């Protein structure tokens, strides 16, 4: 059985469209759980700075609804 890696998956983007992660193969990728409706959203400023500092870094944020939509 071949182990899967992140580049084997297709996910939905924020518009509900398919996003094939294979397109990011060979690029630096940061995958994180995001929260958009809680007191920790100021951390997004740090991600913006990271993106500006390393423009070739792909940042993929995936929201999780396990914590009351936080």
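Would you mind finding the one in 44, 60 that is touching a strand residue (DSSP E or B) at 6+ places or on another chain (Cβ under 9 Å) and either part of a strand (DSSP E or B) or modelled with pLDDT of 90 or more (or both)?
Testing whether each residue is touching a strand residue (DSSP E or B) at 6+ places or on another chain (Cβ under 9 Å) and either part of a strand (DSSP E or B) or modelled with pLDDT of 90 or more (or both) leaves just 60.
Could you grab me the full set of residues in the stretch 1-20 that are surrounded by 11 or more Cβ atoms within 10 Å (Cβ to Cβ) and without any contact (Cβ under 8 Å) to a residue 24 or more places away in the chain?
7, 8, 9, 19, 20 - these are the residues of the stretch 1-20 that are surrounded by 11 or more Cβ atoms within 10 Å (Cβ to Cβ) and without any contact (Cβ under 8 Å) to a residue 24 or more places away in the chain.
The values are calculated or read from the model by the stated rules, or taken from the named source; none is laboratory data. Keep in mind that what you see is a predicted model, and the values were worked out from it rather than measured. Because the Cβ atoms are built from the backbone with ideal geometry, glycine has one as well, and the counts that use them run over all protein chains shown.
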